[in-house]
1. About the Cα centre, and with charges only on the beta carbon of Lys, Arg (+1) and Asp, Glu (-1), how big is the dipole of the protein assembly as shown? Nearest 20 debye, please.
2. Given H placed 1.01 Å from N in the peptide plane, which residues other than close sequence neighbours of A:V41 have an amide H under 5 Å from its amide H?
3. When a/c is below 1.5 the answer is rounded, else prolate if a/b is larger than b/c, else oblate, so apply that to the stretch B:62-150 with a ≥ b ≥ c taken from the square roots of the Cα gyration tensor eigenvalues.
4. Would the protein assembly as shown count as rounded, prolate or oblate if I go by the C-alpha gyration tensor, calling it rounded below 1.5 in a/c and otherwise prolate when a/b exceeds b/c, oblate otherwise?
5. Counting partner chain Cβ atoms within 10 Å of every residue's Cβ in B:125-137, what's the average?
6. With each label point set 7 Å from Cα along the Cα-Cβ vector, what nm distance links B:A217 and A:R34?
7. Just to confirm my understanding: which cysteines in chain A have no other cysteine beta carbon less than 4.7 Å from their beta carbon?
8. How much FRET efficiency would the formula 1/(1 + (r/R0)^6) give for A:Y98 and B:E185, where r is the Cβ-Cβ distance and R0 is 45 Å, rounded to 0.05?
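Derivation of every value follows stated rules applied to the coordinates shown; laboratory data play no part. If you're wondering where the values come from, they're calculated on a predicted model, not measured in any experiment. Positions of Cβ are backbone-derived with ideal geometry, glycine not excepted, and every protein chain shown enters the neighbour counts.
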Amino acid sequence: MMAVIDREALWQVLDGVPDPEIPVVSVVELGIVRDVREDRVTLTPTYTGCPATQVIERDVRAALDAAGYRDVAIETVLSPPWSTDWISASGKAKLHAYGIAPPSDARTATCPQCGATDTEEVSRFGSTPCKAQWRCRACLEPFDRFKCH
Amino acid sequence: MATVATDSLLFETLLRLGDDSLILGQRLGEWCGHAPSVEVDLSLANMGLDLIGQATLFLNAAGAAEAQGRDGDALAFHRDVLDFRNCWLVEQPNGDFAQTMARQFLFSTWQEMLFGHLEGSADETVAAIAAKAVKEVRYHAELSAEWVIRLGDGTEESRRRMEEGLDWNWRFVPELFEMDALATEAAARGIGADVGLFREDYDRRIRAVLAEASLDAPKDQRPILGGRRGHHSEHLGHVLAVMQFLPRTYPDAVW
């Protein structure tokens, strides 16, 4: 008899897979995992050209295998397109604590080092496609800001 | 096993979309390590990465529509100049930074509008790729427009260079709006866009940015067409020579 797969347990396995670029948040917190069924996990890429996409799929596969879910397939979908709105509240808090300003609609970012809001954009593109480079005018520290997308 | 028939209209439509992104992505990659500042270097590489990502999706879908066993890599690395369907604008040399930004501005503004229309494509894959990529391209269009303004309204030299960059690239704009028989058929089937529908909007957007940059619109020149039928400038062969060298020389290379 086949064991019944507990979807909640699958979610927990996936929540243990860190994002390869920003390891403090999990792929679940980043909103990359779109759906979990008994036989299938659905992922979506952040940016079309993000090189981490393949690494994420590999890491998810490894985590599923290690937890005994060898028969659970991985499917990638493009639609609806990933949005930073899908990053969870806990994910945003972890980004901030890690030194990355989380995405927000505010005109200026809150400096993750000192908490000041007197900040400015230095470059629209940062260390990865999903981040822009900012600078704090109060503590003068540079920092990454997750772009609204 | 049932054989899948080739959908040649969809295949050709996807090649045009994928080749535009692939060739411009490769061109932007040439800037790696050569840009005026590290921030600019990052932005050019990141835009290139977005475009290569689009190309991968479009060309993989093209391979599926062709149903002859070719995937995106086979289409990117094992076709010759005459089989490429990109427009002339994207294969133009980078020139200086102003010329690169002028090209990006003229192309990304168009691509953003094109993808906006393709979000409603009758082909699900085209619609999904367009809806995803349009969010990235919007950023490319904004960034390059900012540089057109900054350089155009900057020093005497930066202004001269931006004028020259726009002047060089301008002759390739009419091709973006060409509706040949294939494009017309694709639009009629609902899978492609009727680019003629947004020509006026495009001109308005370009003019608004040029006005802010205190630049005059470049003079119209004899339009150059033919990329969509495989007629290319001498530059494309050189782009392909660099891009295709490794997979052709070491066909089984993996990394």
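1. Computed about the Cα centre, the dipole is about 320 debye.
2. Counting only residues 5 or more places away or on other chains, the set is A:A73, A:I74, A:E75.
3. It comes out oblate by the Cα gyration axes.
4. oblate
5. For this peptide, the per-residue mean of nearby foreign Cβ atoms is 4.
6. 4.0 nm
7. A:C50, A:C130, A:C148, each lacking another Cys Cβ under 4.7 Å.
8. That pair, A:Y98 with B:E185, gives E of 0.30.
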